[in-house]
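Data block below; observations after.
The values are calculated or read from the model by the stated rules, or taken from the named source; none is laboratory data. Because the structure is a prediction, the values reported are computed rather than measured. Note that each Cβ is placed from the backbone with ideal geometry, even for glycine, and that neighbours are counted across all protein chains shown. Accessible surface areas use protein heavy atoms only, side chains included; no ligands, DNA or RNA. Shrake-Rupley method; radii C 1.70, N 1.55, O 1.52, S 1.80 Å.
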Amino acid sequence: MRRCRVSFEQAGLPLILRLTPFSQPDDLDDRLAAMHWHRFDPADVMVLPSLDGFGEPGSSERLTPLSAADYAALIGALRRSSVEEITGHARRLEEASVRHQAFKLERDGVLLACGQVAIDPGPAGTSVGGMAGLFDIFTPEDQRGRGHGHRLCAALLAQARLQGATTAYLQVGAENDAAQRLYARLGFLQAYRYHYRSDDPRAWA
């Protein structure tokens with residue numbers, strides 16, 4: 001813990017620990033709670049066991065691919081991110097070990113939703129298919145409640161299936177009821193829940 005804190009302090013960052021059912025030692029979360037470390041941002045990891053049934057979508061909406069820089073700029077503007085945050089996001093996407101493919105769903109030039117899919121291929125020399133991860137699924141506020149997020153995710157999963165993926169996963173806030181319902185309709189199931197703890201108020205401010 002001391003080594004971690006020194007590294008974070010040198011970077012000017014609050015020390016944050018992510019706690020999952022697999023964290024070691026087994027009682028780490030209880031220890032941190034006893035030390036009055038604040039618990040925040042619970043989230044679910046969800047999995048989709050099969051991509052069967054996700055075919056090429058047919059609709060009036062247009063799925064447009066975006067470069068890492070263009071996607072970071074788009075999602076950054078929607079979230080009112082700073083220039084530094086947008087630049088850092090683009091760099092992380094460009095340097096990711098698994099390529100992130102970004103898309104926007106639009107109709108008549110109007111943005112309906114946007115998101116990314118990253119496909120991790122199965123082990124070489126086996127019959128195991130790849131796994132697709134959905135990231136940064138976002139629907140502009142004035143377009144919510146119209147099914148655009150569902151259609152975008154279905155289109156991304158169709159893209160993943162065409163590229164050899166057979167299963168999928170994502171992470172979603174445990175308290176994001178609308179997104180939880182959307183992903184459940186697509187067939188995603190909860191795999192496990194995690195949360196964060198920190199003793200620095202900057203972490204959850």
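In this simple spin-label approximation, Ala191 and Leu162 carry label points 7 Å from Cα along the Cα→Cβ vector, and these lie 2.5 nm apart.
For the range 7-83, what % of the accessible area comes from carbon and sulfur atoms, probe 1.4 Å? Summing carbon and sulfur atoms, their accessible area is 54 percent of the total for the range 7-83.
Quick one: compute the contact order of the chain, relative version, from alpha carbon pairs under 8 angstrom and 6+ residues apart, as a percent. Before the final figure, lay out the partial values.
Numbers: 338 pairs, mean separation 72.3, N = 205.
For the chain, the relative contact order is 35 percent.
In whole percent, how big is the carbon plus sulfur part of the accessible area of the range 95-192, probe 1.4 Å, protein atoms only? That share works out to 48 percent. Centroid-to-centroid, using Cα positions, the range 1-56 and the range 89-156 are 23 Å apart. Over all other residues within a Cβ to Cβ distance under 11 Å of Ala43, the charged ones net out to -1, with Lys and Arg as +1 and Asp and Glu as -1. The calculated FRET efficiency for Gln143 paired with Asp108, based on their beta-carbon distance and R0 = 22 Å, is about 0.95. Simple spin-label estimate for Ser23 and Ser97 gives 2.3 nm between the two label positions (7 Å along the Cα-to-Cβ direction from each Cα). How big is D for the range 86-205, in µm² s⁻¹ as a whole number, if Stokes-Einstein is applied with the Kirkwood radius of its Cα pairs at 37 °C and 0.692 mPa s? Stokes-Einstein gives a translational diffusion coefficient of 203 µm²/s.
Annotation: per residue accessible area for the chain equals 59 Å², rounded to a whole number [probe 1.4 Å, protein chains only].
Value of Rg to Rh for the range 153-194, rounded to two decimals, is 1.00; Kirkwood radius and Rg both from alpha-carbon coordinates. Computed extension gain for Ser67 through Val6, at 0.36 nm per residue and net of the alpha carbon distance, reaches 18.3 nm. Our compactness index for the chain, the C-alpha radius of gyration over the empirical 2.2 N^0.38 Å, is 1.13.
When you restrict to C-alpha pairs under 8 Å that are six or more residues apart and normalise by the size of the range 71-133, the relative contact order lands at 21 percent.
Cα gyration tensor of the range 1-91, axes a ≥ b ≥ c as square roots of the eigenvalues: rounded (a/c below 1.5), prolate (a/b > b/c) or oblate?
Numbers: a/c = 3.26, a/b = 1.53, b/c = 2.13.
It is oblate, given that a/c is not under 1.5 and a/b is not larger than b/c.
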